[in-house]
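Student: Next up is a structure, given as structure tokens.
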Amino acid sequence: MTAALLLLADGRFPAGGHAHSGGAAAAVAAGTVTDVPSLERFLLGRLHTVGLTAAGLAAAAARTADPAELAELDRATEARTPSAALRAVSRRLGRQLLRAARAGWPADAGLAALPAGTHHPVVLGTAARAAGLTDRRAAELAVHEAVSGPATAALRLLGLDPYQLVAVLARLAPQLDLVAERAATATRLPAASAPLLDLYGERYDSWKVKLFAS
Amino acid sequence: MHRDHIADESGAPVVSAAPPGPRRALRIGLGGPVGSGKTATVAALCRALRAELSLGVVTNDIYTTEDAEFLLRHAVLAPERITAVATGCCPHTAIRDDISANLEAVEELEAKAGPLDLVLVESGGDNLTATFSRGLVDAQIFVIDVAGGDKIPRKGGPGVTSADLLVINKTDLAELVGADLAVMARDATAQRGERPFVFTSLAAPDGVAPVTAWVRERLAGWG
Amino acid sequence: MGVSAGPARIEAELDGRGRTVLPVLAGAGPVALRQWRRPPPGEPAEVAMVGSMAGPLGGDRYGVRVTVGPGARLRVTSVAATVSLPGDGPAHCTLELSVAPGGLLDWRPEPVVAAAGSHLLLETRVELAAGAALLLREEQVLGRRHDWTSGAGPGRLTATLTVRQDGVEILAQQTDLGPGAPGWDGPAVLGPHRALGQLLAVHRPLHPPEEEAAPDGGAVLLTLPGSGARLLTALAPDALLLRRLLTGREGPAHREADGTGATQRQAQPACAGRLPRLSSEAR
């Protein structure tokens, strides 16, 4: 099933992620992410907070095809996203991912039954299950997205050296595995949050001039 | 002619998260380099067609709302008929490789302001290689201008060679910038074979007429 | 090791004459409780939490359980900041707050301060009936001044807040701040700030921040899922500036309508030695 995992994790998978910075655009504009070291700290914090939470939700979604349980996880995502702007982003990315996942696994009843506007981590977990992946793999997908999207956005916005970014991502790789493991084995759905990311997400939404959708 | 959108549509249906309606709007993409007149062409098309057709516009400006606001400011359409998509610094990705945000935007417009006859999807200004995915639009227009140099048709590139219509805009400036329209016409024909191109000068009254006529033909075939 | 106590308990209910009374007011462990005044009908009973010993120290387990009955109104404050101190492993504090239909809980204790070497696990669980009102303030301060000047740095504070409204979870969040929490002082979580505060209002007015904030700080007003629930999240370099961001944002509904919320902004001292009055009901 590794090939299916790589397909879903590929940045070229057409699920809309390329237009979202995960708060990196706002952090760059605020002057708090300016170079490779500050980006690394940003990514580390993001991974262990919203990354862990998304991974926990995705892993839980990958364990079930029951619409009632998925609806419950969708409400749990809602409660874990206090910013209305970021809730809208999560629903939008969920819709975009659902479109691609249904194209990839058209026979999957769970994907077919998911309501449009389901939150992104729940769709991600469902897509992983449809692709034959485990909950642990779903968590890995979520932490990968939590880090790689903002990393690419910062690379574009700051004109960073891509090789230095590769070094950062390689250093973080064991942490990604650790967080995915924690998320997939958690007895209670994680709710780790990052105050600055909430603040950035809510404020960025009202900007007139922006390159990224979030 | 290689264009047969209805056959394309039935042969390779667009995968949609929304249930397919009985008939969706014709979708036409407008691409081309920065400053060639894409937004002005969209605005002129809307003015020319809005009385007879139900229209929607999706813009893909790098600054998200800039083009949408131009259209709003010039009141070419009601606000609920215009929407903007952010492209994360990669306008070509949003119209070609990962069209999901644009598809969402088109479907939301149709849901909000529909039923629509025609949706224009305007790309952010990009380079000569940027073309629209056939999964997003049924036909595409590539807009260049004489001020960009009369060599552009000769350079070719997917936009110039494969767009369903090539628009060479700002002919009123040709003399000022020393562009030879005859050379551009010859090169365009050489690059495009039977695919049509038109010269426009949007500064002139109803300067968009050749494009309007082409769009009407597409609509007639779509209906 | 350490104190291990059942929760201190406060139960508020309406008596036959429409007054809020407190049939249960029982301190436990390090938390002593004092009723501040007996309210006239319609006004909240006021209770102050008084630390009866130092701490919490690492290894302590304690908590507070508050139950507000139908139509009852209760305000809870504390007389001083809670300073979490090192000891034998982390300390655990559990707050269980429940409000019945038509009830109001105004929960505004002083800050929790994480002293160098400490680790406090603070869990707040709020259960609101449909139509229950809540105003909840939480302030977390990383390190005492002394901890920073001596170079010891702050302690760690892991705070979980869950809110259920009519049986549905509308907020679940955990902040993990201080040494040992990956990325806590990085530009995604706290940045250069050392004080994090929240003001949660459910069916109570909450005004948006007025001042133009620095792009990486200040306060932001978030609309939560659920009914009438809003959360003001604020980040500041220290406790004093944090309190400023959280003060005067709450108020009665008519103030929101006529825009005169500013009148009560200076009402509360930054670190209350005396108990601030409940401005909304006292006037």
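The values are calculated or read from the model by the stated rules, or taken from the named source; none is laboratory data. Remember, it's a predicted structure, so these values are computed and weren't measured experimentally. Here the Cβ positions follow ideal geometry from the backbone for every residue, glycine too, while neighbour counts run over all protein chains shown.
Student: Restricting the search to segment B:157-172, which residues are among the hydrophobic types (A, V, I, L, M, F, W, C) and at pLDDT below 95? Spell out the reasoning first.
Tutor: The first filter runs over segment B:157-172 and keeps only residues among the hydrophobic types (A, V, I, L, M, F, W, C), leaving B:160, B:163, B:165-168.
B:Val160 - this is the single residue of segment B:157-172 that is among the hydrophobic types (A, V, I, L, M, F, W, C) and at pLDDT below 95.
Student: Just checking, which of A:Ala131, A:Ala139, A:Ala191, A:Ala184 is more than 14 Å from chain B (Cβ to nearest Cβ), within 30 Å of C:Pro209 (Cα to Cα), crowded, with 16+ Cβ neighbours inside 10 Å and modelled with pLDDT of 95 or more?
Tutor: A:Ala191
Per-residue answers, yes or no, for (1) under 29 Å from B:Pro205 (Cβ atoms); (2) among the charged types (D, E, K, R); (3) at pLDDT 95 or above; (4) surrounded by fewer than 18 Cβ atoms within 10 Å (Cβ to Cβ):
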| position | (1), (2), (3), (4) |
| --- | --- |
| B:Leu55 | yes, no, yes, no |
| B:Ala68 | yes, no, no, no |
| B:Leu77 | yes, no, no, no |
| B:Leu103 | no, no, yes, no |
| B:Leu116 | yes, no, yes, no |
| B:Thr131 | no, no, no, no |
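Student: Would you confirm whether any residue within segment C:183-192 is out of contact with any Leu (no Cβ under 7 Å at 6 or more places or on another chain), under 29 Å from A:Gln175 (Cα atoms) and within 11 Å of chain A (Cβ to nearest Cβ)?
Tutor: Filtering segment C:183-192 down to residues out of contact with any Leu (no Cβ under 7 Å at 6 or more places or on another chain) leaves C:185, C:192.
Next cut, under 29 Å from A:Gln175 (Cα atoms) only: C:185, C:192.
Those still in the list that are within 11 Å of chain A (Cβ to nearest Cβ) too: C:185, C:192.
Scanning segment C:183-192 turns up at least one residue that is out of contact with any Leu (no Cβ under 7 Å at 6 or more places or on another chain), under 29 Å from A:Gln175 (Cα atoms) and within 11 Å of chain A (Cβ to nearest Cβ).
Student: So if I check each of C:Gly27, C:Gly6, C:Gly2, C:Gly58, which one is under 16 Å from C:Pro109 (Cβ atoms) and small (Gly, Ala, Ser)? Give the steps one after another, and end with the answer.
Tutor: Working: C:Gly6 fails: under 16 Å from C:Pro109 (Cβ atoms); C:Gly2 fails: under 16 Å from C:Pro109 (Cβ atoms); C:Gly58 fails: under 16 Å from C:Pro109 (Cβ atoms).
Testing whether each residue is under 16 Å from C:Pro109 (Cβ atoms) and small (Gly, Ala, Ser) leaves just C:Gly27.
Student: Here's something else I'd like to know. Among the residues of segment B:86-113, how many are facing chain A (nearest Cβ under 8 Å), in a helix (DSSP H, G or I) and among the aliphatic types (A, V, I, L, M)? Write out each step before concluding.
Tutor: To start, the set of residues in segment B:86-113 that are facing chain A (nearest Cβ under 8 Å) comprises B:86-90, B:93-94, B:97-101, B:103-104.
Keeping just the survivors that are in a helix (DSSP H, G or I) gives B:93-94, B:97, B:100-101, B:103-104.
In the following step, the residues that additionally are among the aliphatic types (A, V, I, L, M) were identified as B:94, B:101, B:103.
Number satisfying all stated conditions: 3.
Student: So, one more: Is it the case, given these coordinates, that A:Ser206 is buried (at least 22 other Cβ atoms within 10 Å of the Cβ) and under 23 Å from A:Ser90 (Cβ atoms)? Don't jump to the end; show me each part of the working.
Tutor: Working: buried (at least 22 other Cβ atoms within 10 Å of the Cβ): no; under 23 Å from A:Ser90 (Cβ atoms): yes.
Here the answer is no, as A:Ser206 does not meet what is asked.
Student: Any residue in segment C:219-233 that is closer than 29 Å to A:Asp74 by Cα, within 11 Å of chain A (Cβ to nearest Cβ) and basic (Lys, Arg)?
Tutor: Kept after step one, since they are closer than 29 Å to A:Asp74 by Cα, are these residues of segment C:219-233: C:219-233.
Still in the running and within 11 Å of chain A (Cβ to nearest Cβ): C:219-226, C:229-233.
Then keep just the ones that are basic (Lys, Arg); that gives C:230.
Scanning segment C:219-233 turns up at least one residue that is closer than 29 Å to A:Asp74 by Cα, within 11 Å of chain A (Cβ to nearest Cβ) and basic (Lys, Arg).
Student: Suppose we filter segment A:45-74 for residues that are assigned to a helix (DSSP H, G or I) and more than 10 Å from every other protein chain (Cβ to nearest Cβ); how many remain? First the steps, then the outcome.
Tutor: Step one: filter segment A:45-74 for residues assigned to a helix (DSSP H, G or I), giving A:45-62, A:67-74.
From what's left, more than 10 Å from every other protein chain (Cβ to nearest Cβ): A:54-62, A:67-71, A:73-74.
Residues in segment A:45-74 being assigned to a helix (DSSP H, G or I) and more than 10 Å from every other protein chain (Cβ to nearest Cβ): 16 in total.
Student: Would segment C:157-167 turn up any residue that is surrounded by fewer than 23 Cβ atoms within 10 Å (Cβ to Cβ), over 20 Å from A:Ala194 (Cα atoms) and of a type in the set (D, E, K, R)?
Tutor: Yes; the residues of segment C:157-167 include at least one that is surrounded by fewer than 23 Cβ atoms within 10 Å (Cβ to Cβ), over 20 Å from A:Ala194 (Cα atoms) and of a type in the set (D, E, K, R).
Student: If you take the residues of segment A:13-44 that are more than 15 Å from the chain's Cα centre (by Cα) and not in a helix (DSSP H, G or I), which of them is farthest from the other protein chains (Cβ to nearest Cβ)?
Tutor: A:Asp35
Student: Those residues that are part of a strand (DSSP E or B) and either more than 8 Å from chain A (Cβ to nearest Cβ) or within 21 Å of C:Ala219 (Cβ to Cβ) (or both), I need them from segment C:147-171; list them, please.
Tutor: C:Arg156, C:Leu157, C:Thr158, C:Ala159, C:Leu161, C:Val163, C:Arg164, C:Gln165, C:Ile170, C:Leu171
Student: Right, another one. Could you tell me whether A:Ala213 is closer than 29 Å to B:Thr83 by Cβ, under 16 Å from the mean Cα position of the chain (by Cα) and not in a helix (DSSP H, G or I)?
Tutor: On the way: closer than 29 Å to B:Thr83 by Cβ: yes; under 16 Å from the mean Cα position of the chain (by Cα): yes; not in a helix (DSSP H, G or I): yes.
Spelling it out, A:Ala213 is indeed closer than 29 Å to B:Thr83 by Cβ, under 16 Å from the mean Cα position of the chain (by Cα) and not in a helix (DSSP H, G or I).
Student: While we're here: Which of (1) farther than 21 Å from B:Gly157 by Cα; (2) free of Cβ contacts under 8 Å to residues at least 60 places away in the same chain; (3) part of a helix (DSSP H, G or I); (4) within 13 Å of chain A (Cβ to nearest Cβ) does B:Thr83 not meet, given it meets every other one?
Tutor: (3)
Student: Determine, yes or no, whether A:Tyr200 is free of Cβ contacts under 8 Å to residues at least 12 places away in the same chain and part of a helix (DSSP H, G or I). Give the steps one after another, and end with the answer.
Tutor: Values: free of Cβ contacts under 8 Å to residues at least 12 places away in the same chain: no; part of a helix (DSSP H, G or I): yes.
No, not satisfied.
Student: Further, regarding this structure: Condition first: within 9 Å of chain B (Cβ to nearest Cβ) and free of Cβ contacts under 8 Å to residues at least 40 places away in the same chain. Now tell me which residues in segment A:80-98 satisfy that.
Tutor: A:Arg95, A:Leu98 - these are the residues of segment A:80-98 that are within 9 Å of chain B (Cβ to nearest Cβ) and free of Cβ contacts under 8 Å to residues at least 40 places away in the same chain.
Student: Hey, can you tell me all the residues within segment A:28-69 that are touching a helix residue (DSSP H, G or I) at 6+ places or on another chain (Cβ under 6 Å), within 22 Å of A:Ala128 (Cβ to Cβ) and surrounded by fewer than 24 Cβ atoms within 10 Å (Cβ to Cβ)?
Tutor: Within segment A:28-69, A:Arg63, A:Ala65, A:Pro67 qualify.
Student: Still on this model: Quick check on this structure: which one of C:Ser98, C:Ser150, C:Ser118, C:Ser78 is among the polar types (S, T, N, Q) and in contact (Cβ under 8 Å) with a residue 40 or more places away in the chain?
Tutor: Details: C:Ser98 fails: in contact (Cβ under 8 Å) with a residue 40 or more places away in the chain; C:Ser150 fails: in contact (Cβ under 8 Å) with a residue 40 or more places away in the chain; C:Ser78 fails: in contact (Cβ under 8 Å) with a residue 40 or more places away in the chain.
Just a single option satisfies the conditions, and that option is C:Ser118.
Student: Taking B:Val42 and the conditions (1) in a helix (DSSP H, G or I); (2) more than 14 Å from chain A (Cβ to nearest Cβ); (3) surrounded by fewer than 23 Cβ atoms within 10 Å (Cβ to Cβ), which numbered condition does it fall short on, given that it satisfies the others?
Tutor: (3)
Student: Another question, if that's okay. Examine segment C:206-217 for a residue that is under 28 Å from A:Leu47 (Cβ atoms), at pLDDT 95 or above and out of contact with any Lys or Arg (no Cβ under 8 Å at 6 or more places or on another chain), and state whether such a residue exists.
Tutor: So in segment C:206-217, the residues under 28 Å from A:Leu47 (Cβ atoms) come out as C:213-217.
Those still in the list that are at pLDDT 95 or above too: none.
Looking for residues that are under 28 Å from A:Leu47 (Cβ atoms), at pLDDT 95 or above and out of contact with any Lys or Arg (no Cβ under 8 Å at 6 or more places or on another chain), one finds none in segment C:206-217, hence no.
Student: Looking at (1) within 12 Å of chain C (Cβ to nearest Cβ); (2) more than 15 Å from the chain's Cα centre (by Cα); (3) in contact (Cβ under 8 Å) with a residue 24 or more places away in the chain, find the lone condition where A:Thr77 falls short.
Tutor: Here A:Thr77 meets the rest and fails (2).
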